[in-house]
Structures are given as structure tokens and as C-alpha cells.
Amino acid sequence: MYKSVLRPLLFKFDPEFMHNLSLKGFNILGQFFLLRELLSALMRKSEPCLHFHYQNLVFPNLVGLAAGYDKNGMLVPAAERLGFGFIEIGSVTALQSRGNPKSRLFRFPNNFALVNRMGLNNDGAKRVSKALARKKRYLHIPLLINIAKSNHPKISKQLAIYDYCYSFRRLYPLADLLVINISCPNVKGGKTFENPDILENLLFHLEKTRASIKKDMNLKTLPPILLKIGSNVSDRQLEEILEITLKFELNGVVLANTFPTKLIKNVPLPQGGLSGRPIFNRVHHLIAHTAEYVNYDPNFLIIGVGGILSPTDAIKLLMAGAHLIEVFTGLVYAGPFLPKNINQRLASLCKKEKLKTANELLTFLHEIKR
Ligand SMILES: Cc1cc2nc3c(=O)[nH]c(=O)nc-3n(C[C@H](O)[C@H](O)[C@H](O)COP(=O)(O)O)c2cc1C
């Protein structure tokens, strides 16, 4: 029904217009009790065997909404009803930004792909944190907040580090898990943080900010922190980043961000970040390489994102070593029931193999791969 009737209709409209419309639509639905319950009945698959436990967090299922769909946390009240087990909002930056000039989002239906150069349009850390403080009580699934460097050419070098620290200080206390995006391909200077020296400097300052938040707020436990890495890193670069991630005792990685189209030769594509089916194999490789590098450590969280368009894709990334998965482009091509369809497949696998939780399911899937 979605693919044959709705999708062709929706694809007649501008991609960014449709994206904003879907955000507004789901946001409105999430505000009314009866509509929320209707959404829930239609789109949610709730089963104890899908529950995943990580530290003191419980994810009702393994499928999350990827960063970039909901930059400012509009969907926070509705996310659980849409079938997600968690939501990653952002990227949020210290400075509010309108992003790059339009047009900046393009569909490639024959390849099940998108190219975007949104340029980190978001309301800024101060406004987003205020809005989240109000909305968070409606959320019963883990909230991941993704922060990035402000999209401003003058913010570079040490100023860029302070820029991250500002967003961190504002948003870390509201997050169940904080994601540091070091890989935005659509802003000037965004990629420099994958350079080991600069990354170490960034993490050193964030660590200091974290310690001061802990002291100021008198906290006993602190939310886990993950790094979001680009899909174009080489194995060598990935290993260097993982080494630093382990050195600073971060809790894991999100693999991966979009692939810069400027690196693709002989294919005419607009400049920006490629997502969807064409990056799936790349992301699969990065996840498998990371899982082996950390020896399938269950405490080192790997979130797999990139080109998941079906339950089979989701299972492949989980088998490669991911613990959680996220979708974005798949929602555009496979439709909003994708999370439910993935969860239905995972739940039947649990039943077939007599597995009681998603943690057991992951051990089972990772064992097959090993
Ligand atoms: C329009 C668009 C905007 C995005 N914005 C962000 C962002 O602000 N921060 C981020 O970390 N990733 C962002 N992403 C990347 C996604 O989170 C995801 O890593 C990538 O799209 C690969 O997943 P997919 O193939 O399922 O879309 C964006 C992706 C798209 C398509």
C-alpha cells in the first residue's frame, strides 16, 4: 500500500517539504491522547523479548530514529507510539542555524538513496534544551541527543572545542545517551574532528566539562557517550578513532554518517551526503570491523545506521556486530511501518530460538557471525 499508492503520490512533492510535513503531522498526532493511542495500536510492536538492557537503560526495542530526521526534538512525545525503541535527535549545535541554502535534499528512487546538504539547520542548544526539559516527561524510551560543531566558518580550532563544550553542558544533563557527531560532511571544518590529535583535544575538554557537570549536579551516574563517525573513513582511520574512544572510556560508536558525494567519481550527484541503499555495504563493513576490533565487548555499544530498508537489512547489521540500529532513508522508501516490520521479524526470531530478551538475541546473532 505505501510503496504502490502513497509513495508515488508523496514523491510528487519537494523532499524537504514532505519531510517537514511528516514531522508536523506526527507531532500533532502525538499531542492528542486518542490519536496517540491509535498511532500506538497501528505502529508499535511491544514484546518483552524485544527489550534491550544497557547499563541502567531499557530500550523497548532495537530500532531507533536516526539523527537528522528530528533536529529539535519535535517528535519526542510521539516517538514511542511510532514504533521506535529510542530516538536520536539533532544534530544540535551551540548556535542556532538555518542551514545551507535550498534546495538541499534530493531523492534518487532508482537507487533507494537520498543526498542531503542540510548544513545542520537547528534551533540551537539553548532553545532545544529548554523545549526538551518540558517535553521529556512524555518520553518513555531512551533519548539520544546528538551534538555537532556550529555551522559557522569563523568557529574553528579552539573556538570549535568551546562550541562543542557549550552544547554538551546544555544538553548532556537531559540526555539518556549523548552522541558526539564528529563527521558532518556538509559544513566547513566538520570533518576535521576525525583527525586523531584534534579528536583527543576535543574529548579532553569534553571530559573536563563532564566532570564539572557531575560535580555541579551532584550526580552519581552519568549518561553514556558515543561518537558518530563518517561512512568514508578508512579501516586505519577507524582504528585510530576507536583507540581514542577506548582511551577516553567512551561507551561506543554510531556507524555511520552519510558518504560525501564529492568522493564518488564518474557519477553525477549533487554535492552533499549520500544515504540509503548505496552505503549499506560500507556501513556493514565498518560495523563488522569495529565489533572485531573491540572483541564483541557487550559494554561497547555499536549503533548501526545506513541503508536499512527491510527487516533483512536490519538483521544483517545486527549480525555484523551492532547492538541497536537506526533508520532514516528507509522510512522514505519503505514507509513508516518499517520499525514495526523489523520488530515483528525480530520477535518471531526470538520465539523460534526461544530467546527471552534482545540481549539474548544479540548474543545469538553475534555468535553466528563469529
Ligand atoms: C536529510 C538528512 C539529514 C541528516 N542530518 C544529520 C544530522 O544532523 N546529524 C547526524 O549525525 N546525521 C544526520 N544525518 C545522517 C543520518 O543520521 C544517517 O547517519 C544516514 O542518513 C545513514 O542512514 P540512512 O541510510 O538510514 O539514512 C542526516 C541524514 C539525512 C538524510
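The numbers here are math on the coordinates, done by the rules we state, and not lab data. All figures in this text were calculated on a predicted structure; none of them were measured in a lab. Here the Cβ is made from the backbone with ideal geometry for all residues, glycine too, and neighbour counts use every protein chain on show.
Points to keep in mind about this one:
- Volume of the Cα convex hull of the chain, divided per residue and given in Å³: 134
- Extension gain, LEU263-ASN359: 0.36 nm per intervening residue step, less the Cα-Cα distance, totals 30.8 nm.
- Inter-label distance, GLU240 to VAL58: 4.3 nm, where each label sits 7 Å from its Cα along the C-beta direction.
- Relative contact order of the chain, defined on C-alpha pairs under 8 angstrom at six or more residues apart (%): 17
- If the chain linking LYS369 and LEU6 were pulled fully straight, counting 0.36 nm for each residue of separation and taking away their Cα-Cα distance, it would gain 127.0 nm.
- Loop-resident trypsin sites (Lys or Arg not before Pro) (DSSP state other than H, G, I, E or B) in segment 44-141 with no more than 16 further Cβ atoms inside 10 Å of their Cβ: ARG98, LYS102.
- Phi angles across segment 160-172 convert, under the Karplus curve 6.51 cos²θ - 1.76 cosθ + 1.60 with θ = phi - 60°, into 3J(HN,Hα) values of 5, 5, 5, 4, 4, 4, 4, 5, 4, 4, 5, 9, 4 Hz, Gly and Pro given as x.
- Dividing the summed helix terms, -39500 (n - 2.57) for each DSSP H run of n ≥ 4, by the number of residues in the chain produces a 222 nm estimate of -12500 deg cm²/dmol to the nearest 500.
- Candidates PRO196, PRO311, PRO109, ranked by Gaussian network fluctuation over the chain, Cα under 10 Å, top entry: PRO109
- Per the Cα gyration tensor, segment 258-369 maps to an equivalent ellipsoid with semi-axes of 27, 18, 9 Å, ordered largest to smallest.
- A crude spin-label estimate for the pair ASN218 and SER156, with each label 7 Å from Cα along the Cβ direction, gives 4.5 nm.
- Using the average count of surrounding beta-carbon atoms within 10 Å as a protection proxy, the listed peptides 272-284, 293-305 rank, highest first, as 272-284, 293-305.
- Stretchable slack from ARG137 to MET18, in nm (0.36 nm times residue separation minus alpha-carbon distance): 40.0 nm
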